[in-house]
Amino acid sequence: MPDEQWKVLKSGSDIRGTASGNAEQIDLTNEMVKKISIAFAVWISNSNNIKYPSMTIAVGNDCRISSKRIKTCVINSLTSVGVKIYDCSLTSTPAMFMAVSSLTCTASIQITASHHPAQKNGFKFFTAKGILSSEDISEIINIAQSGVFPHIAKEIGKVKPINMMNYYSTKIKNVILNFNENEHKDKPLSGLKIVVDAGNGVGGFFVNDILNNLGADTSGSIFLEPDGNFPNHLPNPEDPIAVTELSKAVVDSGADIGIIFDTDVDRVSFVDSKGHIINKNKLIAFVSSIILDKNPEATIVTDSVTSDNLSEYIKKLGGTHFRYKRGYRNVIEYAKKLNESGIDCPLAIESSGHVALRENNFVDDGAYLAAKIITTLMKMKEKGISIEKITDGFIDAKEQIEIRININNSKVITSGRKVLMHLKDFSKEIKSCSLENSPEGVRLKFRARWQEGWCILRQSIHDPTLVLNIESYVNNGAISILNSLIPFFKKFQFINIDEINEQVNKLKNSNAISVGV
């Protein structure tokens, strides 16, 4: 496979590719999966001086239509060089991080493509230190591409089936049980009505194995059965169709709260009892208010696409808001560094719904956060207070837009940098606009009363595109900000303005520009 095709498989700190559908478009073939799997074992051996027969690797998968094929190939490849395997079957990604310590194994692999469409799949790799870094993934891809692998072992590694989700569900259940202070010790969630949208991913266990067992009323929950075709909506907590479905289910059933997971349950968003979505900036405000209540004056690390109003809200709560680079791994690693330097940082949270708490080893774990939120809900309901009161005082944007701008030439990185560099100069030509500090890309603040908001243009971590995020606090402000930038984008032949307009029209038609829809 040419170098460029190998590079496409790298997606931040994951590996992702096309795994089903048109045979000519599939890049995660059995041969590729074999090379990547063995390359991971080689990487472990090189990094830790461990011989292959001394390794035990746990392997789990989400429910995608290609996951079983890929898992079989992974297991056959690793056992062929003597590696022992724990076959963890259908699992969430946080459970596979837990597997490293719970099963006392060398490392683990989760086969998933997170929130991406059904034809996609990929890998997330874990050691005792956590998920691998972007640099680690590059090394594994280089090893796979080199084809320098160990010989077939004289003794094939053994495979042991493990129900990892039993271990994980017990852990999540205990988060709620350990908080329990009411008379319903065995059924502490009695009296709570909770609606869950699992998006036909792995998250149905949260209802079946946890909420129902603890006494919650989960009638009205939707799409709990795993189905790798994702027949109802994209398995994405930010998907407008998914959000609308959950909001309706919460209101129709009179639930106290709604919870929506992505496919592998490392991301989550919520819906309050009135059907309003709690995601992005509001989710960060929501979680920050809970964390800062017990950790006054702490620092909250987020990604770069968070609002000025969020910073002000965290400041009013006594905390410090620190924006860092987009990418859940970047946010988590920076939070860890702050703690190592003596700064109290209990929360790393990306606006996409990746939430990592220090008390949970900084694993981005949607189910763990959901359990924490439920314990807060229990406490508030006992006092007759609704969950939406948590974010009293936080003013969210009225409108949000995310536009993905394709660079239509072969020099994606160079061309992207050129656009960002020239945007800084162009911003001086826009009235009531100022350049702000940002850990990545170019961030602009707009002060005109018909715009009043901000935008950030940055290079995507996962795709060969530029990403433009816009927020405004006034009606029609987001489109007004975008219109101020269109003359700038027209200067570049490799940017197609029609593609931008097409995305805007889709957002308008789905009512996805207004926050909370």
| Counting only residues that are open to solvent by 30 Å² or more (accessible area, probe 1.4 Å), free of Cβ contacts under 8 Å to residues at least 12 places away in the same chain and part of a helix (DSSP H, G or I), how many does segment 481-517 have? | 9
| query | In segment 426-480, which strands (runs of 3 or more DSSP E) lie fully inside it and hold 3 or more residues that are among the hydroxyl-bearing types (S, T, Y) and crowded, with 21+ Cβ neighbours inside 10 Å? | reply | none
| message | Criterion first (more than 19 Å from the chain's Cα centre (by Cα), free of Cβ contacts under 8 Å to residues at least 24 places away in the same chain and surrounded by fewer than 23 Cβ atoms within 10 Å (Cβ to Cβ)) does T320 satisfy it? | response | yes
| Residues being open to solvent by 50 Å² or more (accessible area, probe 1.4 Å), within 23 Å of L444 (Cα to Cα) and in contact (Cβ under 8 Å) with a residue 12 or more places away in the chain - total across segment 279-317 | 1
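Yes or no, residue by residue, for (1) over 21 Å from the mean Cα position of the chain (by Cα); (2) modelled with pLDDT of 95 or more; (3) under 28 Å from D463 (Cα atoms):
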residue	(1), (2), (3)
A23	yes, no, yes
A41	yes, yes, yes
R69	yes, yes, yes
A99	no, yes, no
S114	no, no, yes
| With respect to the numbered conditions (1) among the aromatic types (F, W, Y); (2) more than 30 Å from K120 (Cα to Cα); (3) out of contact with any helix residue (DSSP H, G or I) (no Cβ under 6 Å at 6 or more places or on another chain), which one is the sole condition not fulfilled by F286? | (3)
| note | Scanning segment 196-251 for residues that are polar (S, T, N, Q), within 21 Å of the chain's Cα centre (by Cα) and not in a helix (DSSP H, G or I), the one surrounded by the fewest Cβ atoms within 10 Å (Cβ to Cβ) turns out to be N229
| field | Lone unmet requirement of (1) open to solvent by 20 Å² or more (accessible area, probe 1.4 Å); (2) without any contact (Cβ under 8 Å) to a residue 40 or more places away in the chain; (3) out of contact with any Pro (no Cβ under 9 Å at 6 or more places or on another chain) for V331 | value | (1)
| Considering I456, I403, I385, which residue is among the aliphatic types (A, V, I, L, M) and touching a helix residue (DSSP H, G or I) at 6+ places or on another chain (Cβ under 8 Å)? | I403
| Number of the condition not met by A356 [criteria: (1) among the small types (G, A, S); (2) farther than 30 Å from N166 by Cβ; (3) buried (at least 23 other Cβ atoms within 10 Å of the Cβ)] | (2)
| remark: Residues of segment 88-124 being in contact with a Gly (Cβ under 8 Å, 6 or more places away or on another chain) and more than 21 Å from L234 (Cβ to Cβ), in sequence order, are C88, S89, A95, M96, F97, A99, S108, I109
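Rundown of residues vs (1) free of Cβ contacts under 8 Å to residues at least 60 places away in the same chain; (2) surrounded by fewer than 20 Cβ atoms within 10 Å (Cβ to Cβ), yes/no style:
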residue: S341; (1), (2): yes, yes
residue: A348; (1), (2): yes, no
residue: N361; (1), (2): no, yes
residue: E382; (1), (2): no, yes
residue: G393; (1), (2): no, yes
residue: I405; (1), (2): no, no
| remark: Restricting attention to segment 19-35, the residues that are outside any helix (DSSP H, G or I) and touching a strand residue (DSSP E or B) at 6+ places or on another chain (Cβ under 6 Å) number exactly 4
| request: For segment 89-105, indicate whether the set of residues that are more than 30 Å from L369 (Cα to Cα) and either open to solvent by 10 Å² or more (accessible area, probe 1.4 Å) or touching a residue at least 12 places away in the same chain (Cβ under 8 Å) (or both) is non-empty. | output: no
| request: Scan (1) farther than 26 Å from N475 by Cα; (2) assigned to a loop (DSSP other than H, G, I, E, B); (3) touching a strand residue (DSSP E or B) at 6+ places or on another chain (Cβ under 6 Å) for the single condition A397 breaks and write down its number. | output: (1)
| query | Restricting attention to segment 264-276, does a residue exist that is within 24 Å of I461 (Cβ to Cβ) and open to solvent by 10 Å² or more (accessible area, probe 1.4 Å)? | reply | no
| request: For segment 120-141, name all the residues that are free of Cβ contacts under 8 Å to residues at least 24 places away in the same chain and in a helix (DSSP H, G or I). | output: E135
| Any idea which residue in segment 59-88 is surrounded by the most Cβ atoms within 10 Å (Cβ to Cβ), counting only those that are closer than 30 Å to P231 by Cβ, in contact with a Ser or Thr (Cβ under 7 Å, 6 or more places away or on another chain) and polar (S, T, N, Q)? | N61
| task | For segment 324-345, state whether one or more residues are modelled with pLDDT under 95, farther than 19 Å from V363 by Cα, touching a strand residue (DSSP E or B) at 6+ places or on another chain (Cβ under 9 Å) and not in a loop (DSSP other than H, G, I, E, B). | result | no
| task | Return yes when K383 is more than 28 Å from the chain's Cα centre (by Cα) and not β-branched (V, I, T) and no when it is not. | result | yes
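The values are calculated or read from the model by the stated rules, or taken from the named source; none is laboratory data. This is a predicted model, so every value here is computed, not measured. Note: ideal-geometry Cβ built from the backbone for every residue, glycine included; neighbour counts use all protein chains shown. With ligands, DNA and RNA removed, areas are computed over all heavy atoms of the protein, side chains included. Shrake-Rupley method; radii C 1.70, N 1.55, O 1.52, S 1.80 Å.
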